[in-house]
Amino acid sequence: MINEDRVDALVSPKGALEMLSQEEIARMSEDSGDLHELFRRCALAILNCGSDSDDPAEVMSVFKDFEIRIIQQERGVKLELTNAPGSAFVDGKMISSVREMLFSVLRDIIFTYHEYNVARGLNDASSDKITNVVFELLRNANVFRRIQDPDMVVCWGGHSIARHEYDYTKYVGHELGLRELNICTGCGPGAMKGPMKGAAIAHAKQRIQNGVYLGLTEPGIIAAESPNPIVNQLVIMPDIEKRLEAFVRTGHGIVVFPGGAGTAEEILYILGILLHPKNEGIPFPLVLTGPKESAAYFEQINEFIGAVLGEKAQSLYQIVIDDGVKVARIMKAGMEEVRLYRKAHQDAFYYNWKLHIPDEFQRTFEPDHENVASLNLFFGQETHLLAADLRRAFSAIVAGNVKPQGVASIKEHGPFEIHGDKSLMKKLDALLEAFVKQQRMKLPGTAYVPCYKVITD
């Protein structure tokens, strides 16, 4: 039944979904508190795809009367939706991609909660254990494929980018797709949608019918970056650290487009890992790219990395301006290097087991005021450790900008205070100020109030 822009519906899974136990259904019921609310919030983000808002509180407020309930039947489960966003339906019928992703939410939240948060827990898990958990979550989502050659390009970049930057991400995605490469992104809008859209067109030209458009997200960010409809494989990881590990374990190379704090976090994550001595010599093609109008942005990023992490960090990536063909050729050549290396070292093509991810990059970082203030942002330590804490600083800013818990914490206690070496703090403050001026912190036209204060004196 359609009521203006609200729809009530009973939805069956599309494709296979494991049967749920009575205990699992009980945990997802309205009386189960936090787990049900998490499921409701993530489901609403899926149903609200195409929204032009990156404010989770606004979305929840507009659809405060939305509810979702699991119904157990002999042949499986159905979802009963009340007051769901009408944009998820066409003539009263749910759009297929939305339907698939809705049951991906059900799958991932129940599996993650049952297998890890309750049964085993991860707070005291070893590094190897965390890597295996990431593997199991991806395997449970049927992400892994038997492939003859590495072909997965991870594309990072902001959800708040200018139109010419978005068009460029489509152009690069198109060139990647023409070379029969698949795309993995954070699954949201902007630089996460453009490469998939371009690749989808290129795959159609190449008559590729099984193109992969993998979207990796996590509960804290999904409402601000609702999955775009091109995603045909969606996985909701438990937190940002597991999400980032999933990117670098499943991807064979990374292309970084313009973005804000979240993109800086991703850059620092991969650089910190590649800077670790145990990863010396492991091929991992990494390209930073954008249209000619974005050249200054990458100059700022490159200058910051050089000043803070050094020339070795700068040597780990290439910057390509306004040349999507060159980017795609670098990635295609990089795939061959990855193939030869993994074959020689008997490492899987579908999951990068050999890459060493230090404990500092795996542990869940809770971005509260105390933890942010105690970050070790000083020179004189190993470079990858400095990168790890810089990554956490940017992660906190992302949380304060768009994640419900972070936004609530800032509202109650004021902005995060970031302390550290004075010269480093000045460089960090200048970079963040540039992001603000370029409207990379929130969607264009949205007034931005900083959720942080960099202590420079």
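When the stretch 422-457 is limited to residues that are among the hydrophobic types (A, V, I, L, M, F, W, C), part of a helix (DSSP H, G or I) and open to solvent by 20 Å² or more (accessible area, probe 1.4 Å), the one that is nearest to D389 (Cα to Cα) turns out to be A430. Looking only at residues of the stretch 296-311 that are modelled with pLDDT of 95 or more and small (G, A, S), we find that the one that is nearest to K426 (Cα to Cα) is A307.
When G173, G251 are screened for being free of Cβ contacts under 8 Å to residues at least 40 places away in the same chain and either open to solvent by less than 10 Å² (accessible area, probe 1.4 Å) or within 29 Å of A396 (Cα to Cα) (or both), only G173 passes. Consider the stretch 101-144 and keep the residues that are open to solvent by 70 Å² or more (accessible area, probe 1.4 Å) and closer than 30 Å to A328 by Cα. The one that is modelled with the highest pLDDT is R139.
Counting residues that are modelled with pLDDT of 95 or more and farther than 30 Å from A396 by Cβ, which helices (runs of 4 or more DSSP H) fully inside the stretch 324-378 reach at least 1? Fully inside the stretch 324-378 and qualifying: 324-344.
Summed over the stretch 378-421, the residues that are touching a Lys or Arg at 6+ places or on another chain (Cβ under 9 Å), surrounded by fewer than 24 Cβ atoms within 10 Å (Cβ to Cβ) and aromatic (F, W, Y) give a count of 0. Go through A373, A396, A408 for me and flag whichever is under 14 Å from Y452 (Cα atoms) and touching a Pro at 6+ places or on another chain (Cβ under 6 Å). It is A396.
For the stretch 268-300, filtering for residues that are within 25 Å of Y448 (Cα to Cα) and open to solvent by 10 Å² or more (accessible area, probe 1.4 Å) leaves 5. In the stretch 27-59, the residue that is modelled with the highest pLDDT out of those that are open to solvent by 60 Å² or more (accessible area, probe 1.4 Å), assigned to a helix (DSSP H, G or I) and touching a helix residue (DSSP H, G or I) at 6+ places or on another chain (Cβ under 7 Å) is A57.
The values are calculated or read from the model by the stated rules, or taken from the named source; none is laboratory data. Predicted model, so just to flag it, every value in this text is computed and none were measured. For neighbour counting, all protein chains shown are included, and Cβ atoms are generated from backbone atoms with ideal geometry for every residue, glycine included. Please note that ligands, DNA and RNA were not included when accessible areas were found on the heavy atoms of the full protein model with its side chains. Shrake-Rupley method; radii C 1.70, N 1.55, O 1.52, S 1.80 Å.
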